[in-house]
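Just so you know, all these numbers are worked out from the coordinates, no wet-lab data involved. Values in this document were obtained by computation on a predicted structure and should not be read as measured data. Virtual Cβ from ideal backbone geometry, glycine too; neighbours counted across all protein chains shown.
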Amino acid sequence: MIFKQLFDADTSTLTYILADAVTREAVIIDPVRGQTKRDLAVLKELGATLKFIVETHVHADHITGAPELKAATNAQFSAGKATGLVCGDVMLDEGDTLTFGGEVLYSFATPGHTDGCTSYRWHDRIFTGDTILIGACGRTDFQQGSSEVLFDSIQKIMAYPDEFIIYPGHDYNDHRVSSVGQEKLTNPYIKGLDKAAFVEKMSNLKLPMPAKIGVAVPANVHCGDAEAAGIDTSKIAHST
Ligand SMILES: [Fe+2]
């Protein structure tokens, strides 16, 4: 197993590179526009060939780095079918898999933060996107968000064994890794909450809108192609 966790400080996004140790075929989960040089350098260092660019959902906080990575590597774009994206190459239904070398990435639907949210399991590691964050969970107040649906998706992840490792899509508090057991014990959005209490807690968050939502969502529904979304890319900070 070859595994790298990468962090974009501007958006607190965690990106993951997984590769087969023998064939060096690789997958990247949730790349960020502006970090393509970094991501390509890591792939080169690993001697890896990128086969799939995988998204956990249509992000509101950053534009995916998928177009730049795709242009550099010919990798295929993949996300959950429920995102409704028509620009993807491999759209995943519940239980669908992506194979890279002898490795398998299993997808499963975890809607609620958005209706297309998909989590991925690789061995005992679960990439939860924004469905479960360390000590938190994704918000549900835009992009088809539903606290009731998110509660059920969180339970779906919590049904895995306690020792399974959780790698979230973001972290804002210098955490990098958790486990199912740790989140059961310490996550205030999980511990001791039934569905009604969770929905009530989520309805009182009163969070500000993400700074980049106005460009991120339109670009990401075009698989990160900002030009196709009609966005003036000269006004996007941190772009390559
Ligand atoms: Fe998100």
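With a 4.7 Å Cβ cut-off, tell me which Cys residues in the chain come up empty for a partner.
CYS117, CYS137
What is the local net charge at GLY88, summed over the other residues whose Cβ is closer than 10 Å to its Cβ (Lys, Arg +1; Asp, Glu -1)? Please report the intermediate quantities before stating the final value.
Working: positive: LYS81; negative: GLU55, ASP89.
Overall, the nearby charge balance is -1.
Rank THR56, THR186, THR13 by mean-square fluctuation in a GNM of the chain with C-alpha springs under 10 angstrom and give only the top-ranked residue.
Largest GNM mean-square fluctuation: THR186.
Treating cross-link reach as a plain straight distance, find the lysines whose alpha-carbon is under 20 Å from the alpha-carbon of LYS212, omitting any fewer than eight places away in the same chain.
Leaving aside lysines fewer than 8 places away in the same chain, those within reach of LYS212 are LYS235.
What are the ³J(HN,Hα) values, in whole Hz, obtained from phi via the Karplus relation 6.51 cos²θ - 1.76 cosθ + 1.60 with θ = phi - 60°, for each residue of the range 220-225 in sequence order, with x given for Gly and Pro?
6, 6, 9, 6, x, 7
Given springs between every Cα pair under 10 Å in a Gaussian network model of the chain, which of ALA26, ALA196, ALA60 has the largest fluctuation?
Answer for the Gaussian network model of the chain: ALA196.
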